[in-house]
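The structure appears below as structure tokens.
Read-outs: derived from the displayed coordinates by stated rules, not from any lab. The structure presented is a predicted model; accordingly, all values stated were derived computationally and were not measured. Every residue, glycine as well, gets a Cβ built from its backbone with ideal geometry; the counts of neighbours run over all protein chains shown.
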Amino acid sequence: MFPAAAPRAAALFPYVQVPAMNETFHRIISQAVTHGWSDVHLTGGHPVVYRKDGDIGMLRNAVLAPAEMDELARALLNPHRADILRRRWSVDFAHTVAGIRVRMNIFSTTRGLSLAVRLLAGRIPTLAHLNLHPSLEEFTRLRAGLILVCGATGSGKTTTMAAMLDEINRNRPAHIITLEDPIEYRFASKKAFVEQRELGAHFPSFERGLLDVLREDPDVILVGELREAETIRLALSAAESGHLVIASLHSATPEEALYRLCNAFPLEAQDLVRHQLSSTLHAIVVQQLRMHPVARFRVPVLSLLIGTHPVRMLVREGRFAQLHSIMEMGRGEGMYTMEAYHEDYLNRPQRFSAPSNVFRPAPEEEQFPDHESPLVDRGLGTTHYAPEAARHLARSGANLPDASYGDAAQLDVGTSGTSGTARTDEHGETVYTLTDEGRLEDVLREFSSR
């Protein structure tokens with residue numbers, strides 16, 4: 001029992017008796033579904049905050065104490081995620097609460113732990129319900145190649161990719177494997193066989209996940225985000241070897257997406273990367289959400305680059321700046337700049353699906369419990385720290401003198417110790433890696449003594 005929480009929760013939900021913090025949270029999520037909230041924010045000593053139709057509101061009579069937030073976090077986190085929170089001071093994951101799929105981020109603030117909750121649609125939206133161009137449905141019929149879905153955070157990349165996968169799931173007898181961070185939409189196998197893996201829960205890194213997936217007989221591979229050079233290389237190799245690879249990238253234009261992919265590699269390797277891109281790239285979709293003046297809600301505005309022969313030649317030669325001109329002249333082949341997309345597609349007389357209907361949170365279409373095999377020993381996982389975070393953690397955890405960190409920051413690439421490793425990343429910074437049950441202060445003490 002949480003004496004302070006129960007009266008406040010009872011005031012918020014008078015029709016139920018709330019015996020514990022975890023049940024209080026279930027009631028809050030249920031209330032969010034009833035009232036159409038898209039987000040819920042909980043933090044110690046502050047009223048419950050919600051977002052509805054883009055605006056923030058507060059429940060003044062519902063306040064959780066910092067200690068109650070700690071108990072809620074303990075109830076929500078498994079040991080692996082709890083360890084990530086302890087070491088990294090934040091953790092991002094998806095979860096099913098009261099039958100509702102939600103994405104959560106627990107992080108540390110001046111009030112203690114805070115919880116940001118995004119409620120997800122109970123059903124995976126179709127491409128048509130997302131008001132997306134019909135050509136995206138044609139992309140799902142591809143048997144091999146690379147499709148990049150790009151845009152800023154919050155532009156709907158994950159939902160677009162989920163809708164594309166669901167289109168394949170409903171229409172093709174294929175084997176789909178996803179590598180996600182975290183798993184947001186959960187798929188039940190329909191015509192396709194779908195297996196989902198989450199970073200940190202089912203594979204330790206995107207690099208390891210992609211190495212594994214090529215031995216798992218996939219037809220379609222989804223990569224949550226292309227970040228590091230080795231992940232990009234393996235995704236391109238998968239597309240080259242006859243798989244359909246759908247991946248996301250943070251970029252504002254197709255040209256920027258290609259620049260980011262190539263510039264992740266050393267100069268001497270970029271020619272090979274451009275050759276791989278030119279042979280595998282089928283489409284780049286860049287997405288923004290803009291208010292439609294007639295519909296009066298936000299709709300996706302797309303920029304579409306299709307991997308035609310001229311496009312592939314420009315990519316192979318690294319002449320990315322000329323792609324915009326190709327897109328302007330390529331409307332007959334399904335290419336659009338955002339301006340042309342707005343004029344030619346969004347301004348047509350048509351009926352758009354309102355987000356309030358498509359994204360209304362609801363119980364999941366298919367509910368099945370997660371299972372953790374006792375044969376898999378995740379330990380404490382593998383945690384990476386940049387130098388400043390590492391030094392701060394070590395100072396607070398072991399009170400090592402500041403002078404001891406100077407030598408550690410100068411370690412050679414790949415220096416190894418019994419409790420961890422230190423390597424130099426592509427930006428020239430030392431990254432400390434804890435392995436098994438190594439503690440950060442032990443790693444730094446070991447390296448600084450060398």
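For the reader, a short list of remarks on this structure follows.
- Relative exposure of Trp89, Trp37, judged by other C-beta atoms within 10 Å (fewest first): Trp89, Trp37
- Calculated on C-alpha atoms, the gyration radius of the stretch 135-353 divided by its Kirkwood radius gives an Rg/Rh of 0.96.
- Maximal additional length on extending the His342-Asn61 stretch stands at 96.7 nm, based on 0.36 nm per residue less the C-alpha distance.
- In this structure the amide hydrogen of Val97, modeled in the peptide plane, comes within under 5 Å of the amide hydrogens of Val102, none closer than 5 places in sequence on its chain.
- Ranked list, fewest to most other Cβ atoms within 10 Å of each Cβ, for Arg60, Arg319: Arg60, Arg319
- Residues in the stretch 277-292 carry Karplus couplings, in order, of 4, 5, 8, 10, 5, 9, 7, 10, 10, 10, 10, 10, 10, 10, 5, 8 Hz; the curve used is 6.51 cos²θ - 1.76 cosθ + 1.60 with θ = phi - 60°, and Gly or Pro positions show x.
- Sequence-separation-based contact order of the stretch 135-353, relative, with Cα cut under 8 Å and 6+ spacing, percent: 21
- His324-Asn105 FRET efficiency (beta carbon distance; Förster radius 30 Å; 0.05 resolution): 0.25
- Positive end of the dipole of the stretch 5-119 (Cβ unit charges, origin at the Cα centre): among His80, Gly57, Thr96, the Cα lying farthest that way belongs to His80.
- Given charges at beta-carbon only (K, R positive; D, E negative), |dipole| of the stretch 5-119 in Debye: 180
- Across all directions, the average projected area of the convex hull around the alpha carbons of the stretch 112-191 is 6.6 nm².
- Counting neighbouring beta carbons within 10 Å and listing from fewest to most, the residues Tyr259, Tyr345, Tyr336 come out as Tyr259, Tyr345, Tyr336.
- Loop-resident GluC sites (Glu not before Pro) (DSSP state other than H, G, I, E or B) in the stretch 183-260 with no more than 13 further Cβ atoms inside 10 Å of their Cβ: Glu216.
- Beta-bridge orientation, the stretch 135-353: approximately 30 percent antiparallel, per DSSP, counting only bridges with both partners inside.
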